[in-house]
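The values are calculated or read from the model by the stated rules, or taken from the named source; none is laboratory data. Treat the numbers as computed from the prediction; the structure is a model and nothing was measured. Backbone-built Cβ (ideal geometry, glycine too); neighbour counts: all protein chains shown.
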Amino acid sequence: MKKFQRIGAVAVIVILLSLYVVCFISALSGGEKAQVIFKATLGMTIALPILLYIFILFLKAAKKRQESLLAPPEERPEEPEEGGGSDADAP
């Protein structure tokens, strides 16, 4: 899990740095789309780390669920029975 987190963090850093370089070059060139590129870079600066964090949370939850399903029956938490009522209420 730690290895995946490091790979994800490095990937996000590389993507963000490349966005910054493109934004800087477009600002220096004075292109018509420089302002749009700046806004996109600003949005991705906020969105990419948040998306990576959410993805890591989902992976942790999936791993925890998988471990609980693979645990021996005596170690599993009890799940409530479906049906919602007792048999004494049945006619």
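Comparison of 3, 39, 63 shows that the only residue that is assigned to a helix (DSSP H, G or I), on the phi < 0 side of the Ramachandran plot, touching a residue at least 60 places away in the same chain (Cβ under 8 Å) and of a type outside the set (Gly, Ala, Ser) is 63. For the stretch 1-38, residues that are closer than 24 Å to residue 58 by Cβ, loosely packed, with under 12 Cβ neighbours inside 10 Å and not β-branched (Val, Ile, Thr) total 5. Consider residue 33 carefully, then state whether it is at pLDDT below 85, charged (D, E, K, R) and out of contact with any strand residue (DSSP E or B) (no Cβ under 6 Å at 6 or more places or on another chain). Here the answer is yes, as residue 33 does meet what is asked.
Cβ-Cβ distances below 7 Å connect the following pairs, each with a first residue in the stretch 18-36 that is within 20 Å of residue 48 (Cβ to Cβ), a second residue that is polar (S, T, N, Q), and a separation of six or more residues or different chains: 19/41; 20/41; 23/41.
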